[in-house]
Amino acid sequence: MTPTPPRTAALKSDPRLNPYFRSEDERRSVTRAMFDQAAPGYDSAEALTALGSGAWYRREVLVRNGLQPGMTLLDVAAGTGLVTVAGHELVGPEGRVLALDPSPGMLAELRKKVDVETIEAYAESIPLPDAQVDFVSMGYALRHVGDLDRAFAEYLRVLRPGGKVCIMEISRPRSRIARGLLHFHIAVVVPVLARLTRRHADVKRLWEYYGDTIEAAIEPERILEALRRAGFQDVDCRISLGVFREYTGGKK
(Lines give C-alpha, C1' and ligand atoms only; values in the text may rest on other atoms or scores of the structure.)
Protein backbone atom coordinates (compact mmCIF):
# COMPACT_ATOMS: atom_id res chain seq x y z
CA MET A 1 0.00 0.00 0.00
CA THR A 2 1.43 3.39 -1.05
CA PRO A 3 1.57 5.86 1.85
CA THR A 4 -0.27 9.13 1.46
CA PRO A 5 2.26 11.94 0.90
CA PRO A 6 2.19 14.79 3.41
CA ARG A 7 0.29 17.85 2.29
CA THR A 8 2.17 20.95 1.23
CA ALA A 9 0.87 23.90 3.21
CA ALA A 10 1.35 27.43 1.90
CA LEU A 11 2.42 28.61 5.36
CA LYS A 12 5.29 27.25 7.43
CA SER A 13 4.87 26.61 11.14
CA ASP A 14 5.49 30.04 12.62
CA PRO A 15 4.77 31.30 16.16
CA ARG A 16 3.34 34.51 14.71
CA LEU A 17 0.40 32.52 13.38
CA ASN A 18 -0.47 30.89 16.71
CA PRO A 19 -2.73 33.77 17.84
CA TYR A 20 -4.88 33.24 14.74
CA PHE A 21 -5.41 29.46 14.63
CA ARG A 22 -3.98 26.09 15.67
CA SER A 23 -5.60 23.68 13.19
CA GLU A 24 -6.83 23.54 9.60
CA ASP A 25 -10.49 23.66 10.62
CA GLU A 26 -9.80 26.64 12.86
CA ARG A 27 -7.80 28.34 10.09
CA ARG A 28 -10.77 28.11 7.74
CA SER A 29 -13.30 29.47 10.20
CA VAL A 30 -11.04 32.26 11.47
CA THR A 31 -9.94 33.49 8.06
CA ARG A 32 -13.47 33.38 6.63
CA ALA A 33 -14.69 35.47 9.55
CA MET A 34 -11.86 38.00 9.03
CA PHE A 35 -12.63 38.29 5.32
CA ASP A 36 -16.37 38.62 5.91
CA GLN A 37 -15.79 41.39 8.45
CA ALA A 38 -13.33 43.30 6.28
CA ALA A 39 -15.21 42.85 2.97
CA PRO A 40 -16.89 46.32 2.80
CA GLY A 41 -13.56 48.11 3.27
CA TYR A 42 -11.31 45.63 1.52
CA ASP A 43 -10.92 47.52 -1.76
CA SER A 44 -9.94 50.78 -0.08
CA ALA A 45 -7.30 49.04 2.01
CA GLU A 46 -6.03 47.07 -0.97
CA ALA A 47 -5.63 50.27 -3.01
CA LEU A 48 -3.51 51.71 -0.22
CA THR A 49 -1.45 48.52 -0.08
CA ALA A 50 -0.77 48.56 -3.82
CA LEU A 51 -0.13 52.32 -3.87
CA GLY A 52 -2.45 52.71 -6.86
CA SER A 53 -0.72 50.11 -9.04
CA GLY A 54 -3.11 47.22 -8.49
CA ALA A 55 -5.70 47.48 -11.27
CA TRP A 56 -3.39 48.02 -14.23
CA TYR A 57 -0.91 45.43 -12.95
CA ARG A 58 -3.54 42.70 -12.58
CA ARG A 59 -4.86 43.37 -16.07
CA GLU A 60 -1.36 43.44 -17.55
CA VAL A 61 -0.51 40.10 -15.92
CA LEU A 62 -3.64 38.44 -17.34
CA VAL A 63 -2.96 39.80 -20.83
CA ARG A 64 0.71 38.82 -20.73
CA ASN A 65 -0.21 35.27 -19.74
CA GLY A 66 -2.70 34.76 -22.52
CA LEU A 67 -6.23 35.52 -21.28
CA GLN A 68 -8.18 36.35 -24.44
CA PRO A 69 -11.72 37.19 -25.61
CA GLY A 70 -14.08 34.21 -25.65
CA MET A 71 -12.24 32.21 -22.99
CA THR A 72 -13.74 30.72 -19.85
CA LEU A 73 -11.99 32.05 -16.73
CA LEU A 74 -12.11 30.64 -13.21
CA ASP A 75 -10.89 33.19 -10.67
CA VAL A 76 -10.07 31.30 -7.46
CA ALA A 77 -10.15 33.12 -4.12
CA ALA A 78 -11.78 35.95 -6.04
CA GLY A 79 -12.52 38.04 -2.96
CA THR A 80 -14.19 41.31 -3.90
CA GLY A 81 -13.42 40.69 -7.56
CA LEU A 82 -10.27 42.74 -8.16
CA VAL A 83 -8.93 40.13 -10.60
CA THR A 84 -12.40 39.03 -11.66
CA VAL A 85 -13.32 42.47 -13.02
CA ALA A 86 -10.15 42.64 -15.13
CA GLY A 87 -10.76 39.12 -16.40
CA HIS A 88 -14.40 39.86 -17.23
CA GLU A 89 -13.33 42.81 -19.35
CA LEU A 90 -10.72 40.75 -21.19
CA VAL A 91 -12.86 37.70 -22.06
CA GLY A 92 -15.63 39.96 -23.32
CA PRO A 93 -19.30 39.15 -23.96
CA GLU A 94 -18.45 35.87 -25.70
CA GLY A 95 -16.47 34.63 -22.72
CA ARG A 96 -17.50 33.25 -19.35
CA VAL A 97 -16.23 34.08 -15.87
CA LEU A 98 -16.65 32.09 -12.67
CA ALA A 99 -15.58 33.60 -9.34
CA LEU A 100 -14.85 31.21 -6.47
CA ASP A 101 -14.31 32.21 -2.83
CA PRO A 102 -15.16 30.74 0.60
CA SER A 103 -16.27 34.11 2.02
CA PRO A 104 -19.91 35.05 1.37
CA GLY A 105 -19.13 38.61 2.46
CA MET A 106 -16.44 39.00 -0.16
CA LEU A 107 -18.61 37.50 -2.89
CA ALA A 108 -21.43 39.89 -1.96
CA GLU A 109 -19.07 42.81 -2.61
CA LEU A 110 -17.96 41.23 -5.89
CA ARG A 111 -21.53 40.95 -7.16
CA LYS A 112 -21.98 44.70 -6.67
CA LYS A 113 -19.29 45.27 -9.32
CA VAL A 114 -19.77 42.66 -11.99
CA ASP A 115 -22.38 40.15 -13.15
CA VAL A 116 -20.58 36.80 -13.13
CA GLU A 117 -21.24 33.32 -11.78
CA THR A 118 -20.11 32.98 -8.17
CA ILE A 119 -19.20 29.81 -6.26
CA GLU A 120 -18.79 29.65 -2.49
CA ALA A 121 -16.04 27.05 -2.09
CA TYR A 122 -12.37 26.43 -1.36
CA ALA A 123 -9.53 26.00 -3.82
CA GLU A 124 -8.92 22.45 -2.61
CA SER A 125 -12.43 21.33 -3.61
CA ILE A 126 -13.79 23.08 -6.71
CA PRO A 127 -17.40 22.03 -7.49
CA LEU A 128 -16.96 21.93 -11.26
CA PRO A 129 -16.71 19.02 -13.72
CA ASP A 130 -13.40 18.18 -15.35
CA ALA A 131 -12.02 20.29 -18.23
CA GLN A 132 -14.43 23.23 -17.87
CA VAL A 133 -12.21 26.32 -18.11
CA ASP A 134 -9.42 27.74 -20.24
CA PHE A 135 -7.67 29.84 -17.61
CA VAL A 136 -7.38 29.70 -13.82
CA SER A 137 -6.33 32.86 -12.00
CA MET A 138 -5.58 33.53 -8.34
CA GLY A 139 -4.73 36.96 -6.98
CA TYR A 140 -2.68 37.29 -3.79
CA ALA A 141 -4.44 34.48 -1.93
CA LEU A 142 -2.11 31.50 -2.22
CA ARG A 143 -0.95 32.06 1.39
CA HIS A 144 -4.48 31.31 2.55
CA VAL A 145 -4.58 27.83 0.96
CA GLY A 146 -4.22 24.98 3.42
CA ASP A 147 -3.07 22.30 0.95
CA LEU A 148 -1.24 23.35 -2.20
CA ASP A 149 -1.13 19.83 -3.66
CA ARG A 150 -4.90 19.44 -3.50
CA ALA A 151 -5.51 22.97 -4.80
CA PHE A 152 -3.12 22.60 -7.74
CA ALA A 153 -4.56 19.18 -8.58
CA GLU A 154 -7.99 20.81 -8.71
CA TYR A 155 -6.70 23.61 -10.95
CA LEU A 156 -5.30 21.05 -13.38
CA ARG A 157 -8.47 18.98 -13.28
CA VAL A 158 -10.85 21.82 -14.19
CA LEU A 159 -8.59 23.17 -16.95
CA ARG A 160 -9.11 22.10 -20.53
CA PRO A 161 -6.11 20.76 -22.49
CA GLY A 162 -4.01 23.76 -23.48
CA GLY A 163 -5.28 25.75 -20.50
CA LYS A 164 -3.14 27.81 -18.16
CA VAL A 165 -2.90 28.72 -14.49
CA CYS A 166 -1.63 32.14 -13.36
CA ILE A 167 -1.11 32.79 -9.65
CA MET A 168 -0.22 36.31 -8.49
CA GLU A 169 1.37 36.52 -5.07
CA ILE A 170 3.42 38.79 -2.81
CA SER A 171 6.67 37.15 -1.75
CA ARG A 172 8.97 37.81 1.16
CA PRO A 173 11.79 40.23 0.20
CA ARG A 174 15.33 38.87 0.59
CA SER A 175 16.57 41.82 2.63
CA ARG A 176 15.65 41.88 6.32
CA ILE A 177 15.22 45.65 6.14
CA ALA A 178 12.93 45.36 3.12
CA ARG A 179 10.91 42.66 4.90
CA GLY A 180 10.50 44.91 7.92
CA LEU A 181 9.40 47.86 5.81
CA LEU A 182 6.90 45.76 3.86
CA HIS A 183 5.43 44.29 7.03
CA PHE A 184 5.16 47.73 8.64
CA HIS A 185 3.43 49.14 5.55
CA ILE A 186 0.88 46.32 5.32
CA ALA A 187 0.21 45.66 9.00
CA VAL A 188 0.45 49.20 10.40
CA VAL A 189 0.37 51.97 7.80
CA VAL A 190 -2.47 50.63 5.63
CA PRO A 191 -4.96 50.01 8.51
CA VAL A 192 -4.23 53.47 9.92
CA LEU A 193 -4.74 55.18 6.55
CA ALA A 194 -7.86 53.12 5.89
CA ARG A 195 -9.30 54.20 9.23
CA LEU A 196 -8.52 57.85 8.51
CA THR A 197 -10.33 57.70 5.16
CA ARG A 198 -13.46 56.41 6.95
CA ARG A 199 -14.21 54.18 3.96
CA HIS A 200 -13.71 50.82 5.59
CA ALA A 201 -15.01 48.15 7.89
CA ASP A 202 -12.48 46.73 10.35
CA VAL A 203 -9.50 45.69 8.18
CA LYS A 204 -6.86 46.01 10.89
CA ARG A 205 -6.76 42.37 11.98
CA LEU A 206 -6.90 41.04 8.41
CA TRP A 207 -4.01 43.25 7.32
CA GLU A 208 -1.98 42.24 10.38
CA TYR A 209 -2.61 38.65 9.33
CA TYR A 210 -1.54 39.50 5.77
CA GLY A 211 1.78 40.81 7.02
CA ASP A 212 2.39 37.73 9.16
CA THR A 213 1.49 35.31 6.35
CA ILE A 214 3.95 36.98 3.97
CA GLU A 215 6.70 36.38 6.50
CA ALA A 216 5.56 32.79 7.12
CA ALA A 217 4.94 31.84 3.47
CA ILE A 218 6.86 28.91 2.04
CA GLU A 219 9.66 29.51 -0.45
CA PRO A 220 8.81 30.11 -4.14
CA GLU A 221 10.79 27.00 -5.14
CA ARG A 222 8.38 24.81 -3.17
CA ILE A 223 5.40 26.41 -4.92
CA LEU A 224 6.98 25.64 -8.29
CA GLU A 225 7.66 22.07 -7.16
CA ALA A 226 4.02 21.66 -6.13
CA LEU A 227 2.83 22.90 -9.54
CA ARG A 228 5.09 20.39 -11.30
CA ARG A 229 4.00 17.62 -8.94
CA ALA A 230 0.36 18.35 -9.83
CA GLY A 231 1.19 17.76 -13.50
CA PHE A 232 1.59 21.28 -14.88
CA GLN A 233 4.02 21.80 -17.75
CA ASP A 234 6.31 24.74 -18.52
CA VAL A 235 6.13 25.90 -14.91
CA ASP A 236 7.69 29.33 -14.40
CA CYS A 237 7.88 32.26 -12.01
CA ARG A 238 8.27 35.91 -12.96
CA ILE A 239 9.11 38.52 -10.33
CA SER A 240 8.52 42.28 -10.42
CA LEU A 241 9.85 44.93 -8.02
CA GLY A 242 11.35 42.21 -5.86
CA VAL A 243 8.05 41.16 -4.24
CA PHE A 244 5.33 40.59 -6.87
CA ARG A 245 5.46 37.08 -8.33
CA GLU A 246 3.54 35.33 -11.10
CA TYR A 247 3.54 31.52 -10.95
CA THR A 248 2.39 29.98 -14.22
CA GLY A 249 1.93 26.55 -15.72
CA GLY A 250 0.10 24.87 -18.56
CA LYS A 251 -1.95 21.72 -19.11
CA LYS A 252 -1.19 19.52 -22.09
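Before moving on, here are some points about what is shown:
- The residues in the range 226-240 that are open to solvent by 50 Å² or more (accessible area, probe 1.4 Å), touching a strand residue (DSSP E or B) at 6+ places or on another chain (Cβ under 9 Å) and assigned to a helix (DSSP H, G or I) can be counted, and the count is 1.
- SER23 farther than 30 Å from ARG160 by Cβ and within 18 Å of the chain's Cα centre (by Cα): no
- All helices (runs of 4 or more DSSP H) inside the range 81-160 with 2 or more residues being hydrophobic (A, V, I, L, M, F, W, C) and farther than 18 Å from ASP36 by Cβ: 82-91, 148-158
- Filtered residues of the range 224-236 (kept if touching an Asp or Glu at 6+ places or on another chain (Cβ under 7 Å) and hydrophobic (A, V, I, L, M, F, W, C)): ALA226, ALA230
- When the range 38-59 is filtered for residues that are modelled with pLDDT of 90 or more and either out of contact with any helix residue (DSSP H, G or I) (no Cβ under 9 Å at 6 or more places or on another chain) or closer than 19 Å to GLU109 by Cα (or both), the ones remaining, listed by number, are ALA39, ARG58.
- Qualifying residue in the range 136-144 (condition: out of contact with any helix residue (DSSP H, G or I) (no Cβ under 9 Å at 6 or more places or on another chain) and buried (at least 17 other Cβ atoms within 10 Å of the Cβ)): yes
- Candidates in the range 161-211 are the residues that are aliphatic (A, V, I, L, M) and not in a helix (DSSP H, G or I); of these, the one that is modelled with the lowest pLDDT is ALA201.
- In the set (1) within 14 Å of the chain's Cα centre (by Cα); (2) of a type in the set (Asp, Glu); (3) part of a helix (DSSP H, G or I), ASP75 fails one condition alone, (3).
- A single member of ASP14, ASP75 is touching a helix residue (DSSP H, G or I) at 6+ places or on another chain (Cβ under 9 Å), acidic (Asp, Glu) and under 16 Å from LYS113 (Cα atoms), and it is ASP75.
- Number of positions in the range 101-133 that are out of contact with any helix residue (DSSP H, G or I) (no Cβ under 9 Å at 6 or more places or on another chain) and either buried (at least 18 other Cβ atoms within 10 Å of the Cβ) or modelled with pLDDT under 95 (or both): 0
The values are calculated or read from the model by the stated rules, or taken from the named source; none is laboratory data. Bear in mind that the values here come from a model prediction, so they are computed numbers and not experimental data. Because the Cβ atoms are built from the backbone with ideal geometry, glycine has one as well, and the counts that use them run over all protein chains shown. Each accessible area value is taken on the protein alone, full model and side chains, heavy atoms only, with ligands, DNA and RNA left out. Shrake-Rupley method; radii C 1.70, N 1.55, O 1.52, S 1.80 Å.
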